[in-house]
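See below for the structure under consideration.
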Amino acid sequence: MSGLEHYLSIFTKAVFIENIVLAYFLGLCSFLAISKNINASVGIGMAVVVVLTITAPINWFLWEFLLDKGALVWISEDFKDTDLGFLKLIVFISVIAAMVQLVEMFMERFSQSLYNSLGIFLPLIAVNCSILGGSLFMVEREYTISETVVYGFGSGVGFFLAIVALASIRYRLRYSNIPPRLRGVGMAMLLTGLLSMAFMAFSGIDL
Amino acid sequence: MELFSTESKKIINDPINVNNPISLQVLGICSALAVTIRLDQAIIMTLAVLFVLTSSNVILSLIRNYIPARVRIVIMLSVIASLVSVVDELLKAYLYDMSKQLSVFVGLIITNCIIMGRAEAFALKNGPSKAFLDGVGNSMGYGLIIIIVSFFRELFGAGTITLPDGGAGYVLWSIPDSWYAAGYENIGLLVLSPGAFIILGLVIWFQREMAGVEEDA
């Protein structure tokens, strides 16, 4: 398989076939809470794309050169049996929290308008499972650095698509006659189920 | 505070019924759905969350007076992440098959909003014994929902009921072959992700009907 095709396949897989929200249930808390409002959904979707594309490669470097078994051989041959893998959760979550903070400061300094539209969502993202999940899947599937970048970006786009789609459906349903106790989260769950069923149609695509 | 006073009963009971973390506060749904394919996975996950939530609540409540408000999120995250790493390593050591099946979802307990939410809303404001009870109550409320969802998903989706044991799980009951011969079929959709969303949606509806909660949206 040629290079470009391989990356295209990882990308389509991350966006459609193995959508991080609809197939792996990641990032559902913010997905359900924020999809009440379309503009906010677009905002958090973009913030997830940015943060996921940045944190996944950084965590890849940390995993490859610090944490994995035998990763420390670049310092000395003596470390070839050292396995710091058990630290990965703590390291990844700190990197994510720190990166979110950095991105927020960077945006505030250089793009006030972007900061105004995305700023309030960034702190929420630090505890969004899809970001940590992206890094953990990257380790589990043993991606290379370029695959990780494509995968991170693709998962972010998948989240963006799913949340904007759900927000639009909820907007259309605003005046429909839903049983009162089903309103809100209950209905959102059923809609997500239908959306996820629709996305399953992509699973036949083989690139 | 006495252990069996009305107040402590309320702290434990509320999150199971009228203030359930999953169906009413809508926290921690991410991991709730991924581990509900089989009953044994849901039970192990409940135990993991029980351990992490009660310990993080107690630890954070003990040190609550020394945490500066500005850096509390980082401190909460590091306490929770350490506890989750302990659970992850324990599962790898003693229940290897289970830890393979749960894959990244044990690690994702860190970002489970129930744990951060309870730390922020309860443990940082109350003493350790109350925080302990709150942890037990909320993980029971979480467990109740994911066990119900996984029971239906496994029974109607795969036709079995599996309990956890040291290895790949002990099959308690499975639908007899004579039923299949008579034309019974499993609902394959329930094993896939849409099934999880739809069953949880119905469970939320049912529980809100019971608790009498309405949301305007």
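Bear in mind that the values in this text are calculations on the coordinates, not laboratory data. Treat the numbers as computed from the prediction; the structure is a model and nothing was measured. When we count neighbours, we look across all protein chains shown, and the Cβ atoms used for this are built from the backbone with ideal geometry, even at glycine.
Given a Förster distance of 45 angstrom, what is the FRET efficiency for A:Tyr175 paired with B:Tyr96, based on the Cβ-Cβ distance and rounded to 0.05?
Numbers: r = 53 Å, r/R0 = 1.17.
Given R0 = 45 Å and the Cβ-Cβ separation, E is 0.30.
Tell me the trypsin sites (Lys or Arg not before Pro) within segment B:111-217 that lie in a loop according to DSSP and have at most 12 other beta-carbon atoms within 10 Å. Intermediate results must be reported in sequence, preceding the final value.
Values: sites: B:Arg118, B:Lys125, B:Lys130, B:Arg153, B:Arg208; in loops: B:Lys125.
Counting only loop positions with at most 12 other Cβ atoms within 10 Å, the trypsin sites (Lys or Arg not before Pro) in segment B:111-217 are B:Lys125.
Over all directions, the average projected area of the alpha-carbon convex hull for segment B:18-210 comes to how many nm²? Present the calculation step by step, with values, prior to reporting the outcome.
Working: hull surface 47.1 nm².
Here the figure is 11.8 nm², rounded to one decimal.
Please turn the phi angles of segment B:138-155 into ³J(HN,Hα) values with the Karplus equation 6.51 cos²θ - 1.76 cosθ + 1.60 (θ = phi - 60°), one per residue in order, whole Hz, x for glycine and proline.
5, 6, 5, x, 4, x, 3, 5, 5, 6, 4, 4, 5, 4, 5, 4, 6, 5
Could you please report the charge total around B:Ser139, scoring K, R as +1 and D, E as -1 over all other residues with beta-carbon less than 14 angstrom from its beta-carbon? Before the final figure, lay out the partial values.
Numbers: positive: B:Arg118; negative: B:Asp14, B:Asp134.
Residues near B:Ser139 contribute -1 overall.
Report, as a whole number in µm² per second, the diffusion coefficient that Stokes-Einstein gives for the protein assembly as shown at 4 °C and 1.567 mPa s using the Kirkwood radius over alpha carbon pairs.
Values: Rh = 22.5 Å.
Answer from the Stokes-Einstein relation: 58 µm²/s.
Most exposed first by the Cβ proxy, i.e. fewest other Cβ within 10 Å, how do A:Leu124, A:Leu166, A:Leu26 rank? Kindly include the intermediate steps, with their values, before the conclusion.
On the way: A:Leu124 17, A:Leu166 23, A:Leu26 31.
Ranking A:Leu124, A:Leu166, A:Leu26 by Cβ neighbours within 10 Å, fewest first, gives A:Leu124, A:Leu166, A:Leu26.
Please identify, among A:Val139, A:Val91, A:Val50, the residue showing maximal mean-square fluctuation in a Gaussian network model of chain A using a 10 angstrom Cα cutoff.
Taking springs between Cα atoms under 10 Å, the residue moving most is A:Val91.
Can you pull out the trypsin sites (Lys or Arg not before Pro) in segment A:147-181 that DSSP calls coil and that have at most 15 other Cβ atoms within 10 Å?
On the way: sites: A:Arg170, A:Arg172, A:Arg174, A:Arg181; in loops: A:Arg174.
Filter output for segment A:147-181: A:Arg174.
Could you tell me what % of all Cα pairs in chain A have separations over 30 Å?
Numbers: 6192 of 21321 pairs.
The calculated P(r) of chain A puts 29 percent of pairs beyond 30 Å.
Calculate how steeply helix A:185-200 sits against the longest principal axis of the alpha-carbon atoms of chain A, using the helix alpha-carbon long axis, and give the answer as 0 to 90 degrees to the nearest 10.
Once rounded, one gets 60 degrees.
Positive end of the dipole of the protein assembly as shown, charges at C-beta (+1 Lys, Arg; -1 Asp, Glu), about the Cα centre: which of A:Leu67, A:Ser113, A:Thr144 has its Cα farthest in that direction?
A:Ser113
Of the candidates A:Ser196, A:Ser155, A:Ser113, which one comes out as most mobile in a Gaussian network treatment of chain A with C-alpha springs shorter than 10 Å?
Checking each option, the largest mean-square fluctuation is seen for A:Ser113.
What is the fewest-to-most order of A:Arg141, B:Arg64 by other Cβ atoms lying within 10 Å of their Cβ? It would help to have the intermediate numbers written out before the result.
Values: A:Arg141 11, B:Arg64 17.
If I rank by nearby Cβ atoms, fewest first, I get A:Arg141, B:Arg64.
If you average the C-alpha positions of segment B:1-63 and of segment A:144-207 separately, how far apart do those two centres end up, in angstrom?
Taking the Cα centre of segment A:144-207 as reference, the centre of segment B:1-63 is 27 Å away.
Quick check on segment B:32-97: what does the Kirkwood estimate of hydrodynamic radius come out to from the alpha carbon pairs, in Å?
Details: mean 1/r = 0.0751 Å⁻¹.
Evaluated over segment B:32-97, this radius sits at 13.3 Å.
On average, how many beta carbons from a partner chain sit within 10 Å of the beta carbon of a residue in B:30-36?
Working: counts 13, 5, 2, 6, 7, 1, 1.
Mean shielding by partner chains, rounded to a whole number: 5.
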